[in-house]
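Have a look at the structure below, then the notes.
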């Protein structure tokens, strides 16, 4: 009788994890204010690599970077990334770092599930540098935008495009949490968190 081995197990045996990746954590960096007109993703990627991060990948052209690094505090990684961006790109974009595993946990928990949401509404996640000291009374609503929940340093909002086409949800988020934040769509966070 021959024992068959699952293909993925065979791959693990044939392709062990390189020594350079052992003990590494996968992180995501969300850079505030990045767009194709003010930062080229190949340059952003190079800034991360020169700073010593490995397996660097940019996701879309809106300042989303996934990378591997030895475990460190998010603050230490943030400072290292901002300094590297300033040297390479000429701008130290405000950076929000999260472990990819924490993003996957957040996505799996689906904080929107507890709410009735218009099927045409866009779901967005706002990343804060610090956990809010005072919890706002939720939901907060303004012209089709609703802040539904705050969990730690993440804020979960939905919005329906208003007739004026203005990003009301951004105004609402800044009024409520200040400017030290960056926002991504639920779909973008899903792409960033992919294995």
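Between residue 149 and residue 162, the modelled label-to-label distance comes to 2.6 nm, taking each label 7 Å out from Cα in the direction of the beta carbon. Using the Cβ-Cβ distance between residue 141 and residue 57 with R0 set to 30 Å, the FRET efficiency works out to roughly 0.25. Taking the longest Cα principal axis of the chain as reference, the axis of helix 41-50 is set at about 50 degrees. Hey, what did the stretch 67-152 get for relative contact order, percent, Cα under 8 Å, at least 6 apart? Worked out over the stretch 67-152, it gives 18 percent. For the stretch 97-149 versus the stretch 34-56, the inter-centroid distance based on Cα atoms is 27 Å. Checking (i) 17.1; (ii) 17.8; (iii) 18.4 against Kirkwood radius over Cα pairs in Å calculated from these atoms, the matching label is (iii). For the stretch 120-151, the residues whose backbone nitrogen is under 20 Å from a point 7 Å from the Cα of residue 32, taken along Cα to Cβ, are 124-136, 147-151. Distance between the C-alpha centres of the stretch 59-82 and the stretch 172-195: 15 Å, rounded to the whole angstrom.
Taking every C-alpha pair closer than 8 Å and separated by at least 6 residues, the mean separation divided by the residue count of the stretch 110-193 gives a relative contact order of 35 percent. The simple Förster model, with R0 at 30 Å and r as the Cβ-Cβ distance, assigns residue 122 and residue 43 a FRET efficiency of 0.55. Relative to the longest principal axis of the Cα atoms of the chain, the long axis of helix 100-109 lies at roughly 50 degrees. Label sites at residue 79 and residue 115, each approximated as a point 7 angstrom past Cα along Cα to Cβ, lie 3.5 nm apart. Angle of helix 74-89 to the longest C-alpha principal axis of the chain, folded into 0 to 90 degrees and rounded to 10: 90°. Helices in the chain, meaning DSSP H runs of at least 4 residues, each add -39500 (n - 2.57). Divided by all residues, the mean residue ellipticity at 222 nm is -9500 deg cm²/dmol.
Give me 160, 97 ranked fewest to most by other Cβ atoms within 10 Å of their Cβ, as a rough exposure proxy.
Details: 160 16, 97 23.
Ranking 160, 97 by Cβ neighbours within 10 Å, fewest first, gives 160, 97.
Values quoted throughout were computed directly from the atomic coordinates according to the rules given, and no laboratory measurement underlies them. Computed from a prediction, not measured in an experiment: that's the story for all the values here. Using ideal geometry, Cβ is built from the backbone for each residue, glycine included, and neighbour counts are taken over all protein chains shown.
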